[in-house]
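The values are calculated or read from the model by the stated rules, or taken from the named source; none is laboratory data. No experiment lies behind these values; they were computed from the predicted model shown. Note that we place each Cβ from the backbone using ideal geometry, even for glycine, and neighbour counts take in every protein chain shown. Side chains are part of the model used for accessible areas, which takes the heavy atoms of the whole protein and leaves out ligands, DNA and RNA. Shrake-Rupley method; radii C 1.70, N 1.55, O 1.52, S 1.80 Å.
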Amino acid sequence: MALKLNNIITILILLSSVYSYSQESDGPKPPKVTDYKSDSSYKDYSSLRFKVAKAQINKLKNGGALLVRLKTNTNTINRLKAAGNIDLATQVERETQLTNKAIIRAYNKKFVFCPVYFFYSDCSDSVKHKNLTGIFVDSTLSVNSSIVCNATFYLIAEQGSIYDSSLGIVSESQAPKAIEKGTASKEVAIVVKNRYFIQLHKPFPYYQKGYSLKKHYTDYVESFNNALERFYEKNVGYIISEDLSEFVY
């Protein structure tokens, strides 16, 4: 009986490790709050969000880039190894690699809106501070120093959660100290954030629904690409006023 129970626990750990792949983060979990709109970043939110979204899509299309963050599951793998579950750690590591390859393949095949690059989550701090040298990953999941991104404006895309209550429109001066607030509403195939990893807002098409990371991710990326194209076509040539510069970074 004990043996069977141990086997069941092991399987549950594996499933939890693999299917909670997107939950591993590079910092503390966002706090649960109910009064997020009292945050100062919501000042002039209603009028600003349309202007900022139009500016973001134009900058992304014209000289910008999309940087896709790949999870590593390093914490989970290390915990399993430390507990002596080497085979399970190897399996989780393999699943993580297969998922990352599927994500890269999907973007390379279906994403044409702007240049796209891939980096591991442990390089998030470098991306936040525009230190993009020697961090990008090729289709073999190897860091390739020959991959260079010269874009001065970029957004981040990753598989993960979207929030019902997030920050409002945050200026660049506030962004380094900003914390995404609220509770996660659902898991999605793609969620888009700015370079400080703050979730974007409507009307920007900032997320794409979807669950299967390996079977249908190509379809999700194609739908996401098409949504960006449609939004850009509606707002092509939008003039970014000087007062918006502090919110579009």
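Return the residues of the range 75-92 that are within 18 Å of GLN159 (Cα to Cα) and either open to solvent by less than 70 Å² (accessible area, probe 1.4 Å) or in contact with a Leu (Cβ under 6 Å, 6 or more places away or on another chain) (or both); say none if nothing qualifies.
Passing the criteria: THR76, VAL92.
Go through the range 126-163 and report how many residues are in a strand (DSSP E or B) and closer than 15 Å to GLY64 by Cβ.
Matching residues across the range 126-163 total 4.
Among (1) open to solvent by 20 Å² or more (accessible area, probe 1.4 Å); (2) part of a loop (DSSP other than H, G, I, E, B); (3) of a type in the set (Ser, Thr, Tyr); (4) at pLDDT below 95, which single condition is SER185 missing?
Failing condition for SER185: (2).
Look at TYR232 and say whether it is surrounded by fewer than 21 Cβ atoms within 10 Å (Cβ to Cβ) and assigned to a loop (DSSP other than H, G, I, E, B).
No, not satisfied.
With in contact (Cβ under 8 Å) with a residue 24 or more places away in the chain, closer than 16 Å to PHE50 by Cβ and among the hydroxyl-bearing types (Ser, Thr, Tyr) as the only criterion, which of TYR154, TYR232, TYR217, TYR211 stands out?
Exactly one of TYR154, TYR232, TYR217, TYR211 is in contact (Cβ under 8 Å) with a residue 24 or more places away in the chain, closer than 16 Å to PHE50 by Cβ and among the hydroxyl-bearing types (Ser, Thr, Tyr), namely TYR232.
Residue check, ILE239 against (1) within 16 Å of LYS54 (Cα to Cα); (2) crowded, with 18+ Cβ neighbours inside 10 Å; (3) among the hydrophobic types (A, V, I, L, M, F, W, C), all met but one. Which one?
(2)
What residue, among those in the range 108-125 that are under 14 Å from ILE147 (Cβ atoms) and not in a strand (DSSP E or B), is most open to solvent (accessible area, probe 1.4 Å)?
Among residues in the range 108-125 that are under 14 Å from ILE147 (Cβ atoms) and not in a strand (DSSP E or B), the one most open to solvent (accessible area, probe 1.4 Å) is ASN108.
Taking the range 134-171 as the search range and keeping residues that are under 19 Å from the mean Cα position of the chain (by Cα), open to solvent by 40 Å² or more (accessible area, probe 1.4 Å) and not aliphatic (A, V, I, L, M), which one is modelled with the highest pLDDT?
SER139
Could you tell me how many of the residues in the range 41-76 are assigned to a helix (DSSP H, G or I) and without any contact (Cβ under 8 Å) to a residue 60 or more places away in the chain?
The qualifying residues number 5.
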